[in-house]
Amino acid sequence: MSVTLKGRLFFTRDGDKEETIEYFKKIGIASMDMINNKYEEDRNCFYRIELKEKPSIIDTLELCGYFEIVDAIEILKVTEYGIAFYLVDQYMADGFLFVPMSNVIGIHTINKYNIDGLIKRE
């Protein structure tokens, strides 16, 4: 079953920011700030990652209410190999999730406000 994960960039290790931005440039979704090497972490910029198959740990986290506590999961790194996520909140010890690119359908930043704007246009 496919699923869409909501995440935001959160770089913790040297080189992860540069590798992710370089990958985003290659696939054409880099922001102008990324292209101009002026990217600063934006906690309000969310990426939606559409997956072909839902990792079983996502089911477990949903059952435990994890996604009711956090508004998005942290994206540590995106490369041609896949996406590394960092999962943490005040009640859970931290953990990592790697999703290979073979399981990724798409990455986008389209949100409810973008859709609402399309619906409202005349």
Exercise. Give just the number: which of (1) under 15 Å from the mean Cα position of the chain (by Cα); (2) assigned to a loop (DSSP other than H, G, I, E, B); (3) of a type in the set (Phe, Trp, Tyr) does Phe67 not satisfy?
Key: (2)
Exercise. Restrict the check to segment 6-17 and report whether at least one residue is surrounded by 16 or more Cβ atoms within 10 Å (Cβ to Cβ), touching a Phe, Trp or Tyr at 6+ places or on another chain (Cβ under 6 Å), free of Cβ contacts under 8 Å to residues at least 60 places away in the same chain and among the small types (Gly, Ala, Ser).
Key: no
Quiz item: In this structure, does Lys6 turn out to be over 18 Å from Tyr81 (Cβ atoms), part of a loop (DSSP other than H, G, I, E, B), modelled with pLDDT of 90 or more and not aromatic (Phe, Trp, Tyr)?
Solution: no
Quiz item: Out of all the residues in segment 65-85, which are touching a residue at least 12 places away in the same chain (Cβ under 8 Å) and farther than 23 Å from Lys26 by Cα?
Solution: Tyr66, Ile69, Val70, Asp71, Ala72, Ile73
Quiz item: Do you know which residues across segment 23-54 are without any contact (Cβ under 8 Å) to a residue 60 or more places away in the chain, surrounded by fewer than 14 Cβ atoms within 10 Å (Cβ to Cβ) and part of a helix (DSSP H, G or I)?
Solution: Lys25, Lys26, Met32, Asp33, Ile35
Quiz item: Out of the residues in segment 72-111 that are modelled with pLDDT of 90 or more and open to solvent by 80 Å² or more (accessible area, probe 1.4 Å), which is nearest to Arg43 (Cα to Cα)?
Solution: Phe96
Exercise. With respect to Thr20, determine if the residue is out of contact with any helix residue (DSSP H, G or I) (no Cβ under 7 Å at 6 or more places or on another chain), of a type in the set (S, T, N, Q) and outside any loop (DSSP other than H, G, I, E, B).
Key: yes
Practice problem: Could you list, in sequence order, all residues of segment 55-71 that are surrounded by fewer than 12 Cβ atoms within 10 Å (Cβ to Cβ) and modelled with pLDDT of 90 or more? | Solution: Ser56, Thr60, Leu63
Quiz item: Where residues in segment 42-64 are hydrophobic (A, V, I, L, M, F, W, C) and under 16 Å from Met1 (Cβ atoms), which of them is farthest from the chain's Cα centre (by Cα)?
Solution: Leu63
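The values are calculated or read from the model by the stated rules, or taken from the named source; none is laboratory data. Fair warning: this is a prediction, and the values are worked out from it, not measured in the lab. Note: ideal-geometry Cβ built from the backbone for every residue, glycine included; neighbour counts use all protein chains shown. Accessible surface is based on the protein model in full, side chains and every heavy atom, while ligands, DNA and RNA are left aside. Shrake-Rupley method; radii C 1.70, N 1.55, O 1.52, S 1.80 Å.
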